[in-house]
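To keep things clear, I will list the structure first and then write my remarks on it.
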Amino acid sequence: MKPEIYKGMPAVFKRKDGKFEIKILVTGGMLSPGQVRRIGEVAEKYGGEVHITVRQELSILGVPEERLDLALQDLAEAGLAPGSAGMTFRNVVSCLGSDYCFKAAAETTSLAKEVAEAFTGEKTPGPLKVGIGGCPFPCTRPQFNEIGIMGRVRPEMDTEKCTGCERCVAVCKVGAASVVDGKAVIDYDKCIMCGRCVVNCPGGARYSAEDGYMLFVGGRGSWPPFEGWILRDFVGREEILPLIGRILEVYGAGAKPGMRLREFIKTIGFEEFRRRVASADADQGR
């Protein structure tokens with residue numbers, strides 16, 4: 001049974017209690033203090049409860065239908081719009097990334113805004129969810145999203161500045177760091193480029209490193225959950241938006257209505273999907 005939606009807005013829909021929910025778009029989980037206050041004020045004035053969704057959006061529950069227009073107008077004045085729902089590119093979920101988190105290898109919050117501004121709300125054959133994580137130990141589980149972006153750092157040791165303090169050894173979760181003859185050594189066969197050695201190296205002994213992202217496609221968080229395929233294991237920041245655009249182009253051209261990205265990839269095979277994405281890249285470069 002599909003819920004009753006209001007005036008063609010899939011993110012404004014009737015609940016079992018006969019009243020409506022307004023799901024508010026929140027990119028990367030970030031809101032201004034004024035927006036947080038406005039959501040509370042609208043909930044108190046027209047509804048009664050605020051729910052934090054699993055996709056980092058906020059929902060106002062219990063709004064009577066006859067008061068929806070007023071509630072939506074009050075939200076719009078604070079720059080708040082109904083969230084993403086249905087067969088669209090959904091809101092972008094992200095962790096706080098390297099601007100805030102000591103453990104993160106890559107920036108996430110401004111990247112989430114860039115991705116959202118470029119694609120959120122775009123029509124897709126099936127629901128398309130995006131998760132961005134700042135390191136390979138990601139709180140946001142990007143590998144279980146239709147498109148997942150995971151921060152990575154390729155470390156290079158500056159042996160002249162290394163003091164052999166073994167801090168990198170202590171923080172490495174995969175046993176890739178060791179100290180030999182008083183100098184840190186990275187085993188790149190084990191290294192997952194999480195960046196923990198980089199961000200934890202004290203002072204002037206810091207590593208020089210190449211920053212980038214791993215990109216997954218075809219993950220799903222529903223039961224049973226499926227981890228996505230690795231489309232690219234190291235992508236520069238400037239490549240992210242064009243690459244997502246090519247994924248959407250291939251997906252939109254080949255998938256049947258209602259087909260999720262994972263199902264589409266399975267119908268043609270991952271290697272063929274990768275080839276088509278690369279082919280779209282070549283076509284755009286002509």
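The values are calculated or read from the model by the stated rules, or taken from the named source; none is laboratory data. Small disclaimer: the values here were computed from a predicted structure and weren't measured. Note: ideal-geometry Cβ built from the backbone for every residue, glycine included; neighbour counts use all protein chains shown. Accessible surface areas use protein heavy atoms only, side chains included; no ligands, DNA or RNA. Shrake-Rupley method; radii C 1.70, N 1.55, O 1.52, S 1.80 Å.
Summary of computed values
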read-out	value
Residue within segment 213-230 that is open to solvent by less than 50 Å² (accessible area, probe 1.4 Å) and charged (D, E, K, R) present	no
Residue within segment 262-276 that is closer than 23 Å to Ala118 by Cα, open to solvent by 20 Å² or more (accessible area, probe 1.4 Å), modelled with pLDDT of 90 or more and aliphatic (A, V, I, L, M) present	no
Residue list for segment 99-118, restricted to those being over 12 Å from the mean Cα position of the chain (by Cα) and surrounded by fewer than 22 Cβ atoms within 10 Å (Cβ to Cβ)	Asp99, Tyr100, Cys101, Phe102, Lys103, Glu117, Ala118
Qualifying residue in segment 71-79 (condition: touching a Phe, Trp or Tyr at 6+ places or on another chain (Cβ under 8 Å) and closer than 24 Å to Phe119 by Cβ)	no
Leading residue by the ranking (surrounded by the most Cβ atoms within 10 Å (Cβ to Cβ)) among those in segment 134-158 that are in contact with a Gly (Cβ under 7 Å, 6 or more places away or on another chain) and assigned to a loop (DSSP other than H, G, I, E, B)	Gly134
Residues within segment 44-99 that are in a strand (DSSP E or B) and on the phi > 0 side of the Ramachandran plot, tallied	1
Selection within segment 114-133 - assigned to a loop (DSSP other than H, G, I, E, B) and among the charged types (D, E, K, R)	Glu122
Matching residues in segment 69-89 - criterion: being surrounded by fewer than 20 Cβ atoms within 10 Å (Cβ to Cβ) and more than 23 Å from Pro33 (Cα to Cα)	Asp69, Gly86, Met87, Thr88
Failed item in (1) closer than 23 Å to Gly131 by Cβ; (2) modelled with pLDDT of 95 or more; (3) buried (at least 21 other Cβ atoms within 10 Å of the Cβ); (4) in contact with a helix residue (DSSP H, G or I) (Cβ under 8 Å, 6 or more places away or on another chain), with Gly28 passing the rest	(2)
Filter result for the condition that a residue is surrounded by 17 or more Cβ atoms within 10 Å (Cβ to Cβ) and touching a helix residue (DSSP H, G or I) at 6+ places or on another chain (Cβ under 9 Å), over Phe13, Phe20	Phe20
Flag if Tyr251 is crowded, with 21+ Cβ neighbours inside 10 Å and touching a strand residue (DSSP E or B) at 6+ places or on another chain (Cβ under 6 Å)	no
Contacts under 6 angstrom Cβ, first residue in segment 162-186 being exposed (fewer than 15 other Cβ atoms within 10 Å of the Cβ), partner assigned to a loop (DSSP other than H, G, I, E, B) and of a type in the set (A, V, I, L, M), 6 or more apart	Val174/Ile192
Residue tally, condition open to solvent by 60 Å² or more (accessible area, probe 1.4 Å) and within 15 Å of the chain's Cα centre (by Cα), over segment 231-242	1
Leading residue by the ranking (nearest to the chain's Cα centre (by Cα)) among those in segment 34-64 that are open to solvent by 60 Å² or more (accessible area, probe 1.4 Å) and within 23 Å of Thr140 (Cα to Cα)	Val54
